[in-house]
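Worksheet: one structure, shown below.
The values are calculated or read from the model by the stated rules, or taken from the named source; none is laboratory data. Computed from a predicted model, the values in this text were never measured in an experiment. When we count neighbours, we look across all protein chains shown, and the Cβ atoms used for this are built from the backbone with ideal geometry, even at glycine.
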Amino acid sequence: MTTRYDVTRVPLQGAYVARQCPVRAQNDAIGPGEPLPPDAALQRRFDHGNAFESEILTELVAGEPGAVVVAGGGQSAAAATLAAMHGGAPLIQNGRLTDDAGRRVGKPDLLVRAPGGAYRAVDVKWHMALDVAGPSGPGTPVLLSGLSSVSRESAHQDGSCVARRHEGDLLQLAHYQRLLEALGFAAADGRFAAIIGTERQVVWHDLDARIWRTPSLSQGSKLRTMMERYDFEFGFRLDIIAAAQQHLADPRIDLLVVPVRCGQCPTCPWSGYCMPILETPPGDVSLLPRVGWRQWQAHRERGVTDRAQLAGLDWRTASLIAASVDVRSLMRSVADMDAEVDVAACDGIAETTITALHAFRVVTVADVRLLDAMTARYSDAGMTTLPEQIDQARAAIGAGPVYRRRGIAELTVPRADVEVDIDMENVEEGVYLWGNLVTDRSTGRGQPAYVPFSTWEPLTNDVETLNSLTFWRWLMDLRSATRSRGLTFAAFCYNAGAENRQLRRLGLGAGIQSEIDAFIASDHWVDMLRVFDSQLITGGSIGLKTTAPLAGFSWSVDDADGAESMVMHDIAVAGATESERQDARRWLLTYNEGDVRATFALREWMARDGAAIPSIR
């Protein structure tokens, strides 16, 4: 860990700081306003996570007579944890580890004894920790232990699954690993730590595996280990907090980071402070889709901080840069040449560069001089997505809400005689509702019909599989019946990644994995998110709740979003009264029906009005 600031006065930092947005670490230190409390959905996640953690740890400790449960906190808990480790306890729950020199403190859910008196960290998480291996092959088999024998030494390899790499979870495990190393209790045979997810299995991760692609000054990007990633992230945040402390004492000292939009913003307690800054017109570039920290930094280094400045760059110059043409060097090399000279005749210009230049009608030195010097500053940024970002910025500040992408003259929307729009609803344990909107276009008569498959029992593997398998058989029977009539069939969803993950889980559990993989890979399964994104551009979110209103669609329930549906599901299953449960179930069915009707409305609108949408060009 390398820091640039005197961090000796920084309070000991827990495992969460490395996984949180750097701006949040700064705001936590300076307190720029009143933090927002968690909303109902986030509080639900906290409550369920704590309850699940307590359930798992109670079960593990009950099955191990020598387990030690550390009570209390502070120095007494740290001393009790050290005593338990020196005593060779097989399991230690609620342990507290401290490392003053590293400015770390941590409370791993579980410490598991390894050979030689060492320990490995295990954390319990209220989400799935496994994915089904894809159809292309099993990849690296996952290493699993059961709850009856938690240690890595008792683990077995399972080629049917792969470990889900939740970056935040693994950063926490790396934090605990560094604490164990500082205290002299890290296992000598590798840096391994584990996550117990809702599958109730112990999923082991190699923290030294080079699996994380991160920016590199010398190579553009580089595969690093989680330990390397953690060391950078944690050290960076120590610097941020140290600088914030100095800023509080002397406002002339600059803070290290400024607000940047990231995936954590919706649930961050400081969003009420940061978002008004970011959204001040014309808006920060990080508000654009797929502009992450690295891209944001590249823009900022070149003086481009808002969407209007980005929109003002030259698309053609950016496209040449995306094609690996060093436009800045090219412009310098021809600065003293006659305008009529053909670039193909210039010395030192590679054939691939000439081909790229010709593709964008850059033939002569005069054409090179028409390229944009401001945009050419990105020649060394390695940013192949710059043309896309320019168009996204133009869409974001444009007069219209949506535009056709370059080269799209007419929108293409897959259609079939019989169409099914599908949307599933899930909670952390699995899927409880598969909603379907069936449209028979072969007769031109009748209205689309909503067909739901739901269960309101507490979700277990058996309950989920029975309901999902009933849906699956119905869908396959409908497809077979449609094809037997000589008609075409297509099923649509919006953002297939979620549905595909759940379908593959069903396939593995029900023994129909090949059948489901074949369907997912077929033309009968259409992801409308990809259909939309490949042809239209908005400069903002393209989630269904944003795109369906473009077609004039609106939901008939308040607060229509996935987080609210999880809160409603708790009531639907375990509400205090039958009336509450029934009201929640009706809300969920109405909400789900809205999702499938929204997908249908979007398809209809794209097919009907697509030609009237202006081009971003």
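Evaluated against (1) part of a helix (DSSP H, G or I); (2) under 30 Å from PRO37 (Cβ atoms), ARG300 falls short on exactly one condition, (2).
Scan the stretch 585-594 and tell me whether some residue there is among the small types (Gly, Ala, Ser) and under 21 Å from VAL418 (Cα atoms). So far as the stretch 585-594 goes, yes, one or more of its residues are among the small types (Gly, Ala, Ser) and under 21 Å from VAL418 (Cα atoms).
Residue-wise test of (1) among the aliphatic types (A, V, I, L, M); (2) under 17 Å from GLN13 (Cα atoms); (3) in contact (Cβ under 8 Å) with a residue 40 or more places away in the chain.
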residue: THR98; (1), (2), (3): no, yes, yes
residue: ASP109; (1), (2), (3): no, yes, yes
residue: GLY116; (1), (2), (3): no, no, yes
residue: VAL142; (1), (2), (3): yes, no, yes
residue: VAL162; (1), (2), (3): yes, no, no
residue: GLN172; (1), (2), (3): no, yes, yes
residue: GLY184; (1), (2), (3): no, no, no
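In this structure, is ASN50 within 30 Å of GLU228 (Cα to Cα) and free of Cβ contacts under 8 Å to residues at least 12 places away in the same chain? Criteria met by ASN50.
The set of residues from the stretch 455-490 being in contact with a helix residue (DSSP H, G or I) (Cβ under 7 Å, 6 or more places away or on another chain) and of a type in the set (Gly, Ala, Ser) comprises just one member, SER468. Scanning the stretch 277-316 for residues that are crowded, with 16+ Cβ neighbours inside 10 Å and among the acidic types (Asp, Glu) returns ASP284, ASP306, ASP314.
Pairing each residue of the stretch 505-521 that is farther than 13 Å from ARG473 by Cα with any residue that is among the acidic types (Asp, Glu), provided the two are 6+ apart or on different chains, yields no C-beta distance under 8 Å. Within the stretch 32-54, being farther than 30 Å from ALA249 by Cβ, surrounded by 15 or more Cβ atoms within 10 Å (Cβ to Cβ) and out of contact with any strand residue (DSSP E or B) (no Cβ under 6 Å at 6 or more places or on another chain) holds for ALA41, LEU42, ARG44, ARG45, HIS48, GLY49, PHE52.
Of the numbered criteria (1) at pLDDT 95 or above; (2) outside the structural domain of ALA298 (by TED's automatic domain parsing); (3) hydroxyl-bearing (Ser, Thr, Tyr), the one TYR378 fails is (2). Considering the stretch 462-557, the qualifying helices (runs of 4 or more DSSP H), each wholly inside and each with 3 or more residues that are modelled with pLDDT under 95 and surrounded by 15 or more Cβ atoms within 10 Å (Cβ to Cβ), run over 496-510.
Look at (1) among the small types (Gly, Ala, Ser); (2) surrounded by fewer than 19 Cβ atoms within 10 Å (Cβ to Cβ); (3) more than 30 Å from ALA393 (Cα to Cα) and you find that SER565 fails only one, number (2). Just one of (1) more than 30 Å from PRO387 (Cα to Cα); (2) at pLDDT 95 or above trips up PRO281, so point out which. That leaves (1) as the condition not met. The C-beta contact set for the stretch 413-435 (first residue closer than 21 Å to ALA449 by Cβ, second residue part of a loop (DSSP other than H, G, I, E, B) and basic (Lys, Arg), distance under 8 angstrom, 6+ apart or interchain) comprises ARG415/ARG441; ALA416/ARG441; ASP417/ARG441; VAL418/ARG441; GLU419/ARG441. Set side by side, the residues ALA366, ALA359 differ, and just one is farther than 28 Å from GLY610 by Cβ and either free of Cβ contacts under 8 Å to residues at least 24 places away in the same chain or of a type in the set (A, V, I, L, M) (or both), which is ALA366. The set of residues in the stretch 115-156 that are touching a Lys or Arg at 6+ places or on another chain (Cβ under 8 Å) and among the hydroxyl-bearing types (Ser, Thr, Tyr) comprises TYR119, SER145, SER151.
With respect to (1) surrounded by fewer than 18 Cβ atoms within 10 Å (Cβ to Cβ); (2) in contact with a Lys or Arg (Cβ under 9 Å, 6 or more places away or on another chain), the lone exception for GLU580 is condition (2). The helices (runs of 4 or more DSSP H) falling completely within the stretch 1-87 that include 1 or more residues that are at pLDDT 95 or above and in contact with a Cys (Cβ under 8 Å, 6 or more places away or on another chain) map to 22-30. Quick check on my filter: what residues within the stretch 6-31 are surrounded by fewer than 18 Cβ atoms within 10 Å (Cβ to Cβ) and either over 25 Å from ASP123 (Cα atoms) or in contact with a Leu (Cβ under 8 Å, 6 or more places away or on another chain) (or both)? Correct list: ASP6, THR8, ARG9, ILE30, GLY31.
Of the residues contained in the stretch 275-289, none is found to be out of contact with any Lys or Arg (no Cβ under 8 Å at 6 or more places or on another chain), of a type outside the set (A, V, I, L, M, F, W, C), within 30 Å of LYS222 (Cα to Cα) and free of Cβ contacts under 8 Å to residues at least 40 places away in the same chain.
Here the condition is being closer than 25 Å to VAL291 by Cβ, outside any helix (DSSP H, G or I) and at pLDDT 95 or above; of ARG261, ARG200, ARG237, ARG213, it holds for ARG261 alone.
With respect to (1) outside any helix (DSSP H, G or I); (2) touching a Pro at 6+ places or on another chain (Cβ under 8 Å), the lone exception for VAL573 is condition (1).
Residues in the stretch 188-206 that are within 11 Å of GLY146 (Cβ to Cβ) and touching an Asp or Glu at 6+ places or on another chain (Cβ under 8 Å): ILE196 only.
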